[in-house]
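Read the figures in this text as sums done on the coordinates, not as results from a lab. In this text the structure is predicted, and so the values were computed from the model without any measurement. Note: ideal-geometry Cβ built from the backbone for every residue, glycine included; neighbour counts use all protein chains shown.
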Amino acid sequence: MTKNYDFDIVVVGGGPAGLSAAWGAARKGVSVAVIEREEAIGQSVRTSGVTWIENTKSIGIPDYYYNKIKSYAFYSPNNYVLKSSSEPHAAVLDVRKTYQFLAYQAANAGTDIFLKTSVTDTLTNEKKKLAGIKASSMKEDLIFHSKLIIDASGFYSIVGKSVGMVSQWRRFGAGAEYEAYVDKIENDTWHLMVGNKYSPAGYAWIFPLGNNKVRIGVGIGKPESQVDATQRLLELLESKPKPINQLGRIVPIEFHYGLIPNEGLRNSLITDNLILVGDSAGQANPLVLEGIRYAIEFGRRAGAIGADAVISGDTSKESLKPYEDSTKKDLSSKLSAAIKVQYRWLGLNDTEWDKELDIINELSVEEFLDFIKADFGLANVLRIAAHHPKLAIRQLFDMIKNARNSINNLQGN
Ligand SMILES: Cc1cc2nc3c(=O)[nH]c(=O)nc-3n(C[C@H](O)[C@H](O)[C@H](O)COP(=O)(O)OP(=O)(O)OC[C@H]3O[C@@H](n4cnc5c(N)ncnc54)[C@H](O)[C@@H]3O)c2cc1C
């Protein structure tokens, strides 16, 4: 049996992008459904959940949903840097609780959420325009008719692919981690480890969650390396290089695995009756694999602009353009500068990594945080380049400045 539904907007995917898009749209008074294939929001964790306290505050995530970080340790094979600030700036989220918080917000604004329902195909109308999706649940097949679809299906961009708008990402990161009990950890210090023994194309991490709980994992860039992230994680837990050897017993409690696109923004984020958002649109910072705050911010924007289009009676590509234009303006140059830095990092051997840590060590903690956040505003980049006489730092920030400028020129800014 097939059940039919009618919604103004159907959001595919109940991750941070989809839930935020639903909230942004529903609070404008249009009818919204979120379709999520898993049994619960946040059921499979595919992220390490690190974000920034200033963003959690502006989004409204309560502070009992995250652990606060104020020290940032970096390890290369023969070097070590520790940056500390007086106040905490980073946050390690309780991912499941945070995503469910976003779901309750969306539901409170009027969104319906369909769990354990997988989107399988798209529907078109007599003009061959997108007009809904097909889905299946445990009980039945479902058809959702809608004026607008928001594809927030994450890495797989399933609606975008189904209508031939986008293809599979070619460059991406694969990450495996354990949430684990450890005997010894400082709750306010995160650890990033670079160099071949940790990851041949990426980095390993320890992110504390408080109460002797950590996320310990490794990310590996594809296609640069064929090494399997899960296998490398197991090897690291076995060989225990520094600082893993300082944790005492490591008792895994939950395994996480995920893929993240690593190409910057898709060329196009919209077509008639369709918006892409979150990882589906490439809205993640590839330098440190950070996408949650972008998914939420641009999700809310996609929902609000999409709802305006529905209310105006025009959900054509032209009508959705404010979403694409504003997203590109806010993100393109930041992401392309981050990709430039990432290419530089992917080319470093262990000795060069040791030297790169010396460069990082020259930065003040504020500069370091801007850098790691990919907050490459032109003013920041110029300030850092001007304040640091050392040639290596100037070269690094000149490279970032040039990447920014070339994108801005392309966009005519
Ligand atoms: C290993 C790793 C570590 C990361 N660490 C961080 C970090 O520390 N900080 C950070 O900010 N970001 C991190 N990220 C990135 C971050 O997780 C993503 O950028 C973010 O989750 C994107 O959100 P999204 O809503 O676009 O996609 P997702 O979170 O992937 O959500 C997509 C949703 O769509 C659903 N879905 C997919 N297909 C269908 C279908 N056919 N039918 C119905 N539902 C469907 C999925 O079940 C899922 O719930 C990490 C990523 C990886 C892989």
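Rank Met165, Val227, Val95 by how far each Cα sits towards the positive end of the charge dipole of region 93-228 (+1 on Lys, Arg Cβ; -1 on Asp, Glu Cβ) and give me just the farthest.
Projecting each Cα onto the dipole axis, the largest value belongs to Met165.
So what is the calculated 222 nm ellipticity per residue for the chain, using -39500 (n - 2.57) for each DSSP H run with n of 4 or more, over all residues, to the nearest 500 deg cm²/dmol?
It comes out at -11500 deg cm²/dmol, rounded to the nearest 500.
Take every DSSP beta bridge with both residues inside the chain and express the antiparallel ones as a percent of the total, to the nearest 5.
70
Which of the lysines could be linked to Lys161 by a straight reach, that is with a Cα gap under 22 Å, when you skip same-chain ones fewer than 8 residues away?
Lys116, Lys127, Lys128, Lys129, Lys134, Lys147, Lys222, Lys317, Lys321, Lys328
To the nearest 10 degrees, how steeply does helix 229-239 sit against the main Cα axis of the chain, on a 0 to 90 scale?
30
Give the average over all directions of the projected area of the C-alpha convex hull of the chain, one decimal, in nm².
Orientation-averaged projected area of the Cα hull: 20.0 nm².
Applying a 10 Å radius around every beta-carbon, put 270-282, 173-185 in order of their mean neighbour count, most first.
My ranking of the peptides, most packed first, is 270-282, 173-185.
Using the Cα centre as the reference, give the magnitude of the dipole from point charges on the C-beta atoms of region 252-349 (Lys, Arg: +1; Asp, Glu: -1; all else neutral), rounded to the nearest 20 debye.
Once rounded to the nearest 20, the dipole reads 380 debye.
Give me the dipole magnitude in Debye, nearest 20, for the chain about the Cα centre, with unit charges on the beta carbon: positive for Lys and Arg, negative for Asp and Glu.
My answer is approximately 380 debye.
Could you list Val30, Val119 in order of exposure, starting from the residue whose Cβ has the fewest other Cβ atoms within 10 Å?
Val30, Val119
Fewest first, what order do Lys70, Lys334, Lys240 take by the number of other Cβ atoms within 10 Å?
Taking fewest neighbouring Cβ atoms as first place, the list is Lys240, Lys70, Lys334.
Report the full-extension gain for the segment Glu140 to Asp112: residue separation times 0.36 nm, less the Cα-Cα distance, to one decimal in nm.
So the chain would gain 8.3 nm between Glu140 and Asp112.
Among His89, His387, which comes first, second and so on when ranked by fewest other beta-carbon atoms within 10 Å?
Arranged by neighbour count, lowest to highest, His89, His387 become His387, His89.
I'm a student and want to see the number: the projected area of the Cα convex hull of region 1-101, averaged over all directions, in nm².
Directional mean of the projected Cα hull area for region 1-101 stands at 9.4 nm².
Given the C-alpha centroids of region 345-377 and region 41-106, what is the distance between them in whole angstrom?
Cα centroid to Cα centroid, the span is 20 Å.
Roughly how many nanometres apart are two label points built 7 Å out from the Cα toward the Cβ at Glu186 and Ser167?
According to this spin-label approximation, the distance is 4.8 nm.
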